[in-house]
């Protein structure tokens, strides 16, 4: 790393659209921004790993989701792996300074080839970081092997058992447990009151964590950041509100959702008018606790919760694991102007390990538009390669838009750090 290099890998990004005002402002304020982050990390530890989905509308660059159990490590370009390994060693050592052995607990859906590829990648990254790693399942009764065609390697997943206050495999007692299972169905008893450190905390799984809580933390972080740096915070966030105790099938409290949606539309339009943006607002409606793009719909101002048809209400009634949806977040929609070299609509996904930005990729959907949810069947991913003659963004570099994306991703990671502190 050179003298002026930053903790952000230098990736080859799309040049469509052209550099926006907010990107230029973030690039111009690099020194102040990096000093600001260093001061924050002195007080709040980031999550051990996370992925942040971003949307770039030109006039706004904002996170729309922050996942603490990322499942796309296989989509990181091979050129960033050495830097991901180094960051992982640093983050895991900070989490458990004397750890040498790691138990990696994955999701249960081991028939999903895409997830298996990510699991294999995470397993290899931990191994390359110098740890003895085994993979253990909370649901299997017998060992099971999965084969990744991408990595041309088999991986054995073993049943986990508990011995007193520790998780063990038959001949293996780990020093550290890494959860790559978002615990959508709840925290199993086997994970409660363990002596071993476990990261992320089980309480940060989707049975307990709320998107609205995360974005409340994010709003506080970004408002403080923007005030300190001298920016308009609205350009770096989405307005939102939550609706609880609703039922899409019985239509309970959909009238309340409609009132909140109309108020949110008015608030968005106020901001559009104040900065002379000639766009039509729209909303993203999402399950407040959930992932995998399930329980998501877009709502235009001329549409109503009270006029959803049965198919739409059924789609919004359950999330991952067939869990019922009773709370949603209404989020200011952010269109994506980002385009791949093939001119397809894309959104960047940024990967962080600890406080380091280690890579990213584009989520692309050939048949979706700039206002649509791209996290749906038919999507694919395009890894972003490293600019190898200058692997880290420097203070002098004023042209790579990935720096702006790294700033927003780190703000989201900082917000997740505040979420984590609430459970310590």
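Laid out as a table, the results:
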item	result
Single residue of 395, 374 found to be in contact with a helix residue (DSSP H, G or I) (Cβ under 7 Å, 6 or more places away or on another chain) and in contact (Cβ under 8 Å) with a residue 12 or more places away in the chain	395
Residue check, residue 200 surrounded by 21 or more Cβ atoms within 10 Å (Cβ to Cβ), farther than 29 Å from residue 319 by Cβ and in contact with a strand residue (DSSP E or B) (Cβ under 7 Å, 6 or more places away or on another chain)	no
Residues being under 24 Å from residue 416 (Cα atoms), assigned to a loop (DSSP other than H, G, I, E, B) and out of contact with any helix residue (DSSP H, G or I) (no Cβ under 7 Å at 6 or more places or on another chain) - total across region 13-49	2
Subset of region 247-287 (residues that are out of contact with any strand residue (DSSP E or B) (no Cβ under 6 Å at 6 or more places or on another chain), touching a residue at least 24 places away in the same chain (Cβ under 8 Å) and more than 18 Å from residue 301 (Cβ to Cβ))	247, 248, 249, 251, 275
Verdict on residue 99 being farther than 24 Å from residue 322 by Cβ, surrounded by fewer than 21 Cβ atoms within 10 Å (Cβ to Cβ), touching a helix residue (DSSP H, G or I) at 6+ places or on another chain (Cβ under 6 Å) and touching a residue at least 12 places away in the same chain (Cβ under 8 Å)	no
Filter result for the condition that a residue is in contact (Cβ under 8 Å) with a residue 60 or more places away in the chain, over 23 Å from residue 323 (Cβ atoms) and within 23 Å of the chain's Cα centre (by Cα), over 212, 184, 233, 238	238
Output for region 50-84, where each listed residue is in contact with a helix residue (DSSP H, G or I) (Cβ under 6 Å, 6 or more places away or on another chain) and either surrounded by fewer than 19 Cβ atoms within 10 Å (Cβ to Cβ) or assigned to a loop (DSSP other than H, G, I, E, B) (or both)	60, 68, 71, 72
Of all residues making up region 368-424, the number that are crowded, with 21+ Cβ neighbours inside 10 Å and part of a loop (DSSP other than H, G, I, E, B)	4
Within region 113-226, strands (runs of 3 or more DSSP E) holding 1 or more residues that are within 30 Å of residue 243 (Cβ to Cβ)	176-180
Scope region 192-207; condition touching a helix residue (DSSP H, G or I) at 6+ places or on another chain (Cβ under 8 Å) and in contact (Cβ under 8 Å) with a residue 24 or more places away in the chain; matching residues	197, 199, 200, 201, 204, 206
Within region 168-183, tally of residues that are closer than 24 Å to residue 115 by Cβ and in contact with a strand residue (DSSP E or B) (Cβ under 6 Å, 6 or more places away or on another chain)	9
Matching residues, region 288-325, being in contact (Cβ under 8 Å) with a residue 12 or more places away in the chain, within 22 Å of the chain's Cα centre (by Cα) and not in a strand (DSSP E or B)	288, 289, 290, 291, 292, 293, 294, 295, 316, 320, 321, 325
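So that you can scan it fast, the table gives a plain yes or no per residue for (1) out of contact with any strand residue (DSSP E or B) (no Cβ under 9 Å at 6 or more places or on another chain); (2) at pLDDT 95 or above:
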| site | (1), (2) |
| --- | --- |
| 24 | yes, no |
| 28 | yes, no |
| 36 | yes, yes |
| 44 | yes, yes |
| 49 | no, yes |
| 52 | no, yes |
| 55 | no, yes |
| 60 | no, yes |
| 64 | no, yes |
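The values are calculated or read from the model by the stated rules, or taken from the named source; none is laboratory data. Every value quoted in this text rests on a predicted model; they were computed, and no experiment measured them. As a convention, Cβ positions derive from the backbone with ideal geometry for all residues, glycine included, and neighbour counts pool all protein chains shown.
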